[in-house]
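Trainee: Got a structure for you, questions after.
The values are calculated or read from the model by the stated rules, or taken from the named source; none is laboratory data. None of the values given here were measured: they were computed from a predicted structure. Ideal geometry is used to build each Cβ from the backbone, glycine not excepted, and the neighbour counts take in all protein chains shown. Calculation scope for accessible area: heavy atoms of the full protein, side chains included, ligands and nucleic acids excluded. Shrake-Rupley method; radii C 1.70, N 1.55, O 1.52, S 1.80 Å.
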Amino acid sequence: MEKKIRIGALVSGRGTNLQAIVEACRRGFIDAEVVQAITNRAEAGAVDRCRKEGIPCLFIDHRNFPNREGFDAEAVAALRKAGTDLVVLAGFMRLLTPVLVRAFAGRIMNIHPSLLPAFPGLHPQKQALDHGVRFSGCTVHFVDEGVDSGPIILQAVVPVADDDSVESLQRRILEQEHIIYPQAIRLFVQERLAIEGRRVRILPPKDS
Ligand code: GRF
């Protein structure tokens, strides 16, 4: 039997995407295992989820490092130690440096709650409402050295209602995040994602 893909997750917040990924692994939708979580916020909800799921969660306090590179080097060391094949950013609120991006080139994914390249960065749901778009959504993409700029793997569209608040839009987008993030990881695990420049080609299932 082939070795299971080992996932390392970087989290800063509630951890609902991490939860969706863990559950998808548990029910066999993704043939992989979350072996390590890393957080820069000891009080994050994701930390409790890890505890309940039996996933080791390492707290790395970014305040102990003079720069982002130092934090990232520590994260790379922990991810390597855990034998990580794929890194997923699941509500990780820090910009990555080349130290981390290059260590796992082509093997880091992120989810962003907008239809990229629209509304990268902070508060994308508010940006979408302020701009008046009729459709927003979410994007799973590979991580490159820019902000929310890497090759796009999957997207889901969410219509914006006239009476949407940031919270209501956020809630409906999040439901879609929990669907497409596990799908994108499943495709990666099945070796069905080919990065070709900016584009990601989805290859047919291997046994078809
Ligand atoms: C999600 O909206 C995700 O798209 C963004 O941060 C939020 C994390 O939520 N990057 P959670 O911690 O997974 O619940």
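Trainee: For the range 110-201, report the accessible area per residue in Å² (1.4 Å probe, heavy atoms, rounded to an integer).
Mentor: Details: 4680 Å² over 92 residues.
About 51 Å² of surface per residue is accessible.
Trainee: Moving on to the next point. Given the peptides 19-31, 133-145, arrange them by the average over their residues of other C-beta atoms within 10 Å, most packed first. Working shown, then result.
Mentor: On the way: 19-31: 17.7, 133-145: 20.5.
Highest-to-lowest ranking by the protection proxy: 133-145, 19-31.
Trainee: Stokes-Einstein D for the range 110-201 at 37 °C, 0.692 mPa s, Kirkwood Rh over Cα pairs, in µm²/s? Intermediate results must be reported in sequence, preceding the final value.
Mentor: Details: Rh = 13.4 Å.
For these conditions, the coefficient is 244 µm²/s.
Trainee: Under 13 Å from a label point 7 Å along Cα→Cβ of S168: give me every residue in the range 106-141 with its amide N that close.
Mentor: Output list for this probe position: empty.
Trainee: For the chain, give me the percentage of DSSP beta bridges that are antiparallel, rounded to the nearest 5 percent.
Mentor: Bridges in the chain are about 45 percent antiparallel.
Trainee: Using the per-residue mean of other Cβ atoms lying within 10 Å as a proxy for protection, in what order, highest first, do the peptides 146-158, 82-94 fall?
Mentor: Those peptides, ordered most packed to least, come out 82-94, 146-158.
Trainee: Right, here's the next one. Would you work out which of H123, S149, S165 lies farthest towards the positive end of the dipole of the range 110-201? Charges go on Cβ: Lys and Arg +1, Asp and Glu -1.
Mentor: Highest projection toward the positive end goes to S149.
Trainee: Can you give me the convex hull volume of the Cα atoms of the chain, divided per residue and expressed in Å³? Working shown, then result.
Mentor: On the way: hull volume 26.9 nm³, N = 208.
That works out to 129 Å³ per residue.
Trainee: Do any cysteines of the chain lack a neighbour Cys whose Cβ is under 4.7 Å away, and which are they?
Mentor: C25, C138, each lacking another Cys Cβ under 4.7 Å.
Trainee: I've got another one for you. Where a Cα-Cα gap under 16 Å defines reach, which aspartates and glutamates qualify for K206, not counting those fewer than 8 residues away within the same chain?
Mentor: Straight-line reach from K206, under 16 Å: E2, D31, E191.
Trainee: Hey, what did the range 1-104 get for relative contact order, percent, Cα under 8 Å, at least 6 apart? List each step's numbers first, then the result.
Mentor: On the way: 171 pairs, mean separation 38.5, N = 104.
Worked out over the range 1-104, it gives 37 percent.
Trainee: Here's another thing I want to ask about it. Please report the accessible area of E175 (heavy atoms, 1.4 Å probe, ligands and nucleic acids excluded) in Å², nearest 10.
Mentor: Accessible area, nearest 10 Å²: 110 Å².
Trainee: In Å², and per residue, what accessible area does the range 1-104 have when probed at 1.4 Å with the other protein chains present?
Mentor: On the way: 5200 Å² over 104 residues.
Heavy-atom SASA per residue in the range 1-104 reads 50 Å².
Trainee: Is there a quick way to get the dipole size of the range 1-104? I mean about its Cα centre, with the Cβ of Lys and Arg at +1 and of Asp and Glu at -1; what is the value in debye to the nearest 20?
Mentor: On the way: 16 positive and 12 negative charges, 14 e Å.
Result for the range 1-104 is approximately 60 debye, rounded to the nearest 20.
Trainee: If you place +1 on the Cβ of every Lys and Arg, -1 on the Cβ of every Asp and Glu, and leave all else neutral, what size is the dipole of the range 110-201 about its Cα centre, to the nearest 20 Debye? Numbers along the way, then the final one.
Mentor: Values: 9 positive and 12 negative charges, 71 e Å.
For this selection, approximately 340 debye.
Trainee: For the chain, with only Lys/Arg (+1) and Asp/Glu (-1) charged at the beta-carbon, what is the dipole magnitude about the Cα centre, in debye rounded to 20? Working shown, then result.
Mentor: On the way: 27 positive and 25 negative charges, 100 e Å.
Here the size comes out at about 480 debye.
Trainee: Of the heavy-atom accessible surface of the chain (probe 1.4 angstrom), what whole percent is carbon and sulfur? Mind showing how you got there, number by number?
Mentor: On the way: 5570 of 10730 Å².
The C+S portion of the solvent-accessible surface of the chain is 52 percent.
Trainee: What helices does the chain have that are whole DSSP H segments, at least 24 Å long along their own axis by Cα, and with mean Kyte-Doolittle hydropathy of 0.0 or more? Please list the in-between numbers first.
Mentor: Values: long enough: 166-189 (33 Å, 0.04).
Span-like helices, by this rule, are 166-189.
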